[in-house]
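Single-structure report; data block below.
What follows draws every value from the coordinates through simple rules; no lab data is involved. Owing to the predicted nature of the structure, the values given are computational and were not obtained by experimental measurement. Cβ coordinates were reconstructed from backbone atoms using ideal geometry, including for glycine residues, and neighbour counts include every protein chain displayed.
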Amino acid sequence: MNEVVRPGPETPPQSIVAPQLSVIVPTFNERDNVTTLYRRLEATFAGIAWEVVFVDDNSPDGTWDVVRGLARMDHRVRCIRRIGRRGLSGACIEGILAASAPYAAVIDADLQHDETQLPKMLALLQGGEFDLVVGSRYIEGGSADSFDKQRAGASQLATEVAKRVLKVKIADPMSGFFMIRRDRFEQLAPQLSTQGFKILLDIVATARGELRVKEVPFTFGTRIHGESKLDSMVALDFLGLVLAKLTHDVVSLRFLMFAMVGTLGLIVHLTTLFVAHKVLDVPFAEAQAAGALVAMTSNFILNNFLTYRDQRLKGFGILWGLLLFYLVCGVGLVANVGVAFSVYDQEWNWWVAGAAGALMGVVWNYAMSGLLVWRKR
């Protein structure tokens, strides 16, 4: 059994046994669960050198403060508190890259994953035959019976889409419980998206079959404390990730989300134009302006809560951001029309000219929105 010696006034830090496994735990409002999880990990890893890295998205409930209390008692506990960044995938990426062990596991803080499987998963990786071990709910011996009908249906649908569209071959690509060789992860990390919740799907799709994968069954438990972080926006996050991987990451997940919001904005624009001009008998010019204003406003709201959810504007920043977004989109409209007319003058088809103008507009709006409206602070 490896003895862990804690550093003291007369104990040099190098006497600490280097961890073989880093457990990464993304957290947001999980203060009632993190201590229980730590104790379970401590009981699970008897004879194994390990560390746990909690990556907290500045939880309002002070999860990070509870973790720091644990860290003061046990050097194997580490806390990364992220300010101005949100999202499970980004937290997992930062946590694994900050890990010191050759193997890294990802496990939720809500106690729904079976931490007793971790030693078995570690042994499989240490054997050298596999690069990635996935805790699977959908192979023999696994279970997701704790899901309600709606969540079970959504999970199964997403799994089938991932298998058929992205040609992912594992049974549970939507699992949030897995372990990976850190060197293999670091090779893939620059291509991974920091947005969304499906980090495992991103890893497997990005690897394009080059990871040697083993699945082990586990029973998905029931949350006792806190609330699920999954919401209606997760479906769009998932769709954006699938589209990004289909393009081999030529375009980013964030850009695709921005473009999807823009498509919804076009529908809002046309609907507003129709109601104002045809139903309320507003002159076309004024109705068109109203449509543009309503569409820009709806686009800003959706982008703030979806596309840039990890940099979401709050308080007075929302008003200032909205004004900047109006300015950006106004210039984008001029660029759109200018490019369209330029292409049309070259005797291209009208729809080619229109598409070129629209593409120029969305690229401009996306680039300037990230630079001015939702810039990282």
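Spatially, region 266-316 and region 58-116 are offset by 39 Å when compared through their Cα centroids.
Helical runs (DSSP H, four residues minimum) scored at -39500 (n - 2.57) apiece and divided by the length of the chain put the mean residue ellipticity at 222 nm at -15500 deg cm²/dmol. Among 246-259, 279-292, 195-208, the peptide with the highest mean count of other Cβ atoms within 10 Å heads the list, and the full ranking is 195-208, 246-259, 279-292. Residues with beta-carbon under 10 Å from that of Leu253, excluding Leu253: net charge, scoring Lys, Arg +1 and Asp, Glu -1? With Lys, Arg at +1 and Asp, Glu at -1, the net is -1. Rounded to the nearest 10 degrees, the angle from helix 31-44 to the longest Cα principal axis of the chain is 40 degrees. Taken about its Cα centre, region 19-231 carries a charge dipole of about 380 debye when Lys and Arg each add +1 at the Cβ and Asp and Glu each add -1 at the Cβ. The residue among Thr35, Val275, Gln156 whose Cα reaches farthest toward the positive pole of the charge dipole of the chain, with charges on the beta-carbon of Lys, Arg, Asp and Glu, is Thr35. Of the labelled options (i) 36, 22, 20; (ii) 37, 27, 16; (iii) 45, 23, 19, which one gives semi-axes √(5λ) of the Cα gyration tensor in Å as computed for this structure? Working out semi-axes √(5λ) of the Cα gyration tensor in Å from the coordinates points to (iii). The listed peptides 175-187, 59-71, ordered by packing as a protection proxy, come out as 175-187, 59-71 (highest mean of other Cβ atoms within 10 Å first).
This model, with +1 at the C-beta of Lys and Arg and -1 at the C-beta of Asp and Glu, gives region 253-373 a dipole about its Cα centre of some 500 debye.
Between Lys163 and Thr271, what FRET efficiency comes out of the Förster formula 1/(1 + (r/R0)^6) with R0 = 25 Å and r the beta carbon distance, rounded to 0.05? FRET efficiency, Thr271 to Lys163: 0.10.
Spacing of the modelled spin labels on Leu359 and Val331, each 7 Å from Cα toward Cβ, amounts to 2.2 nm. Each label was represented as a point 7 Å from its Cα along the Cα-to-Cβ direction; for Lys120 and Val282 these points are 6.2 nm apart.
Using θ = phi - 60° in the Karplus curve 6.51 cos²θ - 1.76 cosθ + 1.60, the 3J(HN,Hα) couplings for region 295-308 round to 5, 5, 5, 5, 4, 4, 4, 5, 5, 5, 9, 10, 4, 10 Hz; x is entered for Gly and Pro. Across region 19-231, the mean sequence separation of Cα contacts (distance under 8 Å, 6 or more residues apart), normalised by length, yields a relative contact order of 27 percent. Across the chain, the mean sequence separation of Cα contacts (distance under 8 Å, 6 or more residues apart), normalised by length, yields a relative contact order of 14 percent.
For the chain, the longest principal axis of the Cα atoms and the long axis of helix 88-98 meet at an angle of about 50 degrees. Checking the cross-link pairs Lys163/Lys198; Lys167/Lys245; Lys163/Lys245; Lys120/Lys198; Lys169/Lys198; Lys167/Lys198 against a 18 Å limit on the alpha carbon distance flags Lys120/Lys198 as lying beyond it.
Average 1/r across all pairs of distinct alpha carbons in region 19-231, invert it, and you get the Kirkwood radius: 17.2 Å. Would you work out the charge dipole size for the chain about its Cα centre, treating the Cβ of every Lys and Arg as +1 and the Cβ of every Asp and Glu as -1, and quote it to the nearest 20 debye? Here the size comes out at about 260 debye.
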